[in-house]
2 protein chains.
Amino acid sequence: MSKRVTAKQVAEELNISIMTVSRALSGSPNVDHRTKEKVIETARRLGYVPNQIAKSLALQKTDTIGVVVPEITHSFFPEAIRGIEKVTYSAGYHLILTHSAENAEREMDALKTLAAKRVDGILISTAESVTDYDIYSDIMNLKIPTVFYDRCVMGIGASCVCVNDKHGAKKITEHLIEHKYKKIAHLCGPLSVSIGRLRLAGYKKALQDHNLVFSEDYVVESGFHEDGGFRAMDKLLDLPEKKRPRAVFAVNDPAAFGAMKAIFKRGLSIPQDIAIVGFSDDIRAELLPVPLTTIRQPAFEVGKKAVEKLIGHIENEEEKIDKIVIDTEIIIRKSCGCN
Amino acid sequence: MSKRVTAKQVAEELNISIMTVSRALSGSPNVDHRTKEKVIETARRLGYVPNQIAKSLALQKTDTIGVVVPEITHSFFPEAIRGIEKVTYSAGYHLILTHSAENAEREMDALKTLAAKRVDGILISTAESVTDYDIYSDIMNLKIPTVFYDRCVMGIGASCVCVNDKHGAKKITEHLIEHKYKKIAHLCGPLSVSIGRLRLAGYKKALQDHNLVFSEDYVVESGFHEDGGFRAMDKLLDLPEKKRPRAVFAVNDPAAFGAMKAIFKRGLSIPQDIAIVGFSDDIRAELLPVPLTTIRQPAFEVGKKAVEKLIGHIENEEEKIDKIVIDTEIIIRKSCGCN
DNA sequence: TACTTTAATGTTAACGTTAACATTATTATA
DNA sequence: TATAATAATGTTAACGTTAACATTAAAGTA
């Protein structure tokens, strides 16, 4: 940072006090309009750019929101960020972006950074490998307003905004059941992550409600990525022919993409041999050779609602801790065997 | 920001000076190891979190890099951000993300914000609608190290990292020429943006080198988005049958997607009736019903190289202004009529 | 032991801004 | 005109940290 023009220099140029410069520039009343004009003109002429850092220190407010993203290349997150950004822009907040890369340690690092940077609030979607919630409590203890989005941690006193995971999972599993599939497997996410648990729960509930037996063999952990989906599906395909599932519900679309590859690799067809459905409506889902039946998660909406809630917490002590659930929609394409 | 524990409180707790606390915590030498341990223990016990804002003000350095992104949902950008993030994380910098939404005014706003936040450097990819480069000069005048990535502005003394746009455009146009197509159109980007100009230039050069006539009628501005691609293609399809192009090179993949929709809508086939190629290798390109032949832009690499250069400028006065060009690769799929 | 070197700690000022209070200039009122 | 009210400007301190210099304590050296 080279030495920049400060309010002091503007003041000296005009032989007035720094405070008058500050007032003129921030538009407070009780400033002679001629003084104000002179200040504005001089500030422009000298190339004065207010120093937000100093302002933040003085006012104990940074007008900045920290966002923790587990994996920026998952199409859900750029969409969510757009929702976040739209709101923060009009509300006058800025964004510090941190990336946990699905890694618990990096996530902790990110949160510490955000705390040190004195962000006014934090938006976080937990990383896949997180098993220890202490760091979240630390943040809560620091009284930094925090809202979880999409992948939430409940019961630690933070608001969260998520989609109706359990219900969506149940809905799409039931869709498979309606196709008369009996042997339905689930590629599940890490159970340390809310959406992993909830989608599994929805799957189980659907089976139960329709009197289908639940079998541990039909639940294989895939994680949230394509390679995990491939490996998990491979495991299912290794089952003896008789036990092989007839349909699969993957915890998210990338995992489903991997699973599809594994199925094709064995020379099997979708949905003729095995039907498959996903969750999240990745932008690629409808473009696949066999378009994927899935659950649409309104990512933009999740991001938007989450910041709105967060800004509520920041600006209003009384704002209630909430759990906001956004509805999902089932998108029926070819991979389930409907049409 | 509620009142947090400060170094002062840690110092008072131990009856020592703030400076000793600061030294112990920042690992400077000349601190008694027993004192150091006590300080660290007390800091942890009291829940001390160093205040980066105060530190930034004192040191005139924020360890923060500002990134301006034109459209976060374009798959190029999340990839580029990952490249950026990987480098900044290990180098100890943080990221402020700003979104111009392809809008010149918002871009200006973003740059002003970044200047006010006293970022150590700026990474920017210009918005589609920018026609006035004054704001960039303002930033240069403030001596904020700046590197352009992907969409660059040359000749204002900033380094830039881009792909070999002209060469890539030429290469893929020539690929069409090799297929014996004569009537080749181009859906071009805004000419105010470097990549718009360069890709058009590559297209022209390819025609020229192969003695094909260039016609203004075959260049239609589409912008960078799907809807623009659709409209531009529609315009081409409105030409009398005799004049209708046999092949199309779109400025980027989203524009190509829109164009494909327009072609299908008229009941025409790709590549039988019209061949089409794009640029950028969007994650969706290979999944389309007719997979798109395109130019792969190594987004991760562009991001990575750009921050590396930027950090060079930040940490080393002598760092040379550079134009770094990254090679592209042609990805041949079905839409050009190859196989 | 007296003196020098070095290690450990302390003090002051600065980074650039704003809030709170203090002062001065201007205008309105009796 | 004298006095009160108000508008305009100024002064001081604070936000939390670190660099630079100052001091004191401890350890070597002659």
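The values are calculated or read from the model by the stated rules, or taken from the named source; none is laboratory data. As the structure is a prediction and not an experimental result, all values here were calculated from the model. Positions of Cβ are generated from backbone atoms using ideal geometry, with glycine treated the same way; all protein chains shown enter the neighbour counts.
Among the candidates B:Ala232, B:Ala256, B:Ala262, which residue alone is part of a helix (DSSP H, G or I) and within 16 Å of B:Leu176 (Cα to Cα)? Checking each option against the conditions leaves just B:Ala256.
When the range A:128-156 is filtered for residues that are away from chain B (no Cβ under 14 Å) and small (Gly, Ala, Ser), the ones remaining, listed by number, are A:Ser129, A:Gly155. Only a single item in (1) buried (at least 18 other Cβ atoms within 10 Å of the Cβ); (2) on the phi < 0 side of the Ramachandran plot is not met by A:Asn103, and it is number (1).
Out of the residues in the range B:7-51 meeting the condition of being within 8 Å of DNA strand D (Cβ to nearest atom) and under 20 Å from A:Met140 (Cβ atoms), tell me which one is farthest from the chain's Cα centre (by Cα). Residue satisfying both the conditions and the ranking: B:Tyr48. Of the residues making up the range A:114-145, those that are surrounded by fewer than 21 Cβ atoms within 10 Å (Cβ to Cβ) and among the charged types (D, E, K, R) are A:Asp132, A:Asp134, A:Asp138, A:Lys143.
Among the residues of the range A:12-59 satisfying the criterion of being without any contact (Cβ under 8 Å) to a residue 12 or more places away in the chain and on the phi > 0 side of the Ramachandran plot, which is nearest to DNA strand C (Cβ to nearest atom)? Spell out the reasoning first.
As a first pass, look at the range A:12-59 and keep what is without any contact (Cβ under 8 Å) to a residue 12 or more places away in the chain: A:12, A:15, A:17-19, A:23, A:26-34, A:37, A:41, A:44-45, A:52-55, A:57-59.
After this cut, where a residue has to be on the phi > 0 side of the Ramachandran plot as well, the list is A:15, A:27, A:30.
Working: A:Asn15: 14, A:Gly27: 10, A:Asn30: 8 Å.
So, considering only residues that are without any contact (Cβ under 8 Å) to a residue 12 or more places away in the chain and on the phi > 0 side of the Ramachandran plot, the one nearest to DNA strand C (Cβ to nearest atom) is A:Asn30.
Identify, by number, the condition in (1) modelled with pLDDT of 95 or more; (2) within 14 Å of another protein chain (Cβ to nearest Cβ) that B:Glu301 doesn't meet. Unmet for B:Glu301, out of (1) modelled with pLDDT of 95 or more; (2) within 14 Å of another protein chain (Cβ to nearest Cβ): (2).
Across the range B:161-184, what is the total count of residues that are more than 18 Å from B:Val219 (Cβ to Cβ) and either in contact with a helix residue (DSSP H, G or I) (Cβ under 6 Å, 6 or more places away or on another chain) or of a type in the set (A, V, I, L, M) (or both)?
So the answer is 2.
Just so you know, in the range B:126-171 the residues that are under 18 Å from the mean Cα position of the chain (by Cα) and among the small types (Gly, Ala, Ser) include one that is nearest to B:Glu308 (Cα to Cα), and it is B:Ser159. Within the range A:279-294, the set of residues being at pLDDT 95 or above and either outside any loop (DSSP other than H, G, I, E, B) or more than 14 Å from chain B (Cβ to nearest Cβ) (or both) comprises A:Phe279, A:Thr293, A:Thr294. Within the range B:60-86, the set of residues being at the interface with another protein chain (Cβ under 9 Å from one of its Cβ atoms), within 16 Å of DNA strand D (Cβ to nearest atom) and not β-branched (Val, Ile, Thr) comprises B:Gln60, B:Lys61. Among the residues of the range A:260-280, those that are surrounded by fewer than 24 Cβ atoms within 10 Å (Cβ to Cβ), out of contact with any helix residue (DSSP H, G or I) (no Cβ under 7 Å at 6 or more places or on another chain) and under 21 Å from B:Leu288 (Cβ atoms) comprise A:Phe264, A:Ser269, A:Pro271.
Every residue, every condition in (1) of a type in the set (Lys, Arg); (2) modelled with pLDDT of 95 or more, yes or no:
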| position | (1), (2) |
| --- | --- |
| B:Leu187 | no, yes |
| B:Gly202 | no, yes |
| B:Lys205 | yes, yes |
| B:Asp209 | no, yes |
| B:Tyr218 | no, yes |
| B:His225 | no, no |
| B:Gly228 | no, yes |
| B:Arg231 | yes, yes |
| B:Asp234 | no, yes |
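Selection within the range B:79-100: residues that are polar (S, T, N, Q) and surrounded by 21 or more Cβ atoms within 10 Å (Cβ to Cβ). The member of this set that is farthest from the chain's Cα centre (by Cα) is B:Thr88.
Does any residue of the range B:251-259 turn out to be buried (at least 19 other Cβ atoms within 10 Å of the Cβ), within 15 Å of B:Cys188 (Cα to Cα) and among the acidic types (Asp, Glu)? So far as the range B:251-259 goes, yes, one or more of its residues are buried (at least 19 other Cβ atoms within 10 Å of the Cβ), within 15 Å of B:Cys188 (Cα to Cα) and among the acidic types (Asp, Glu).
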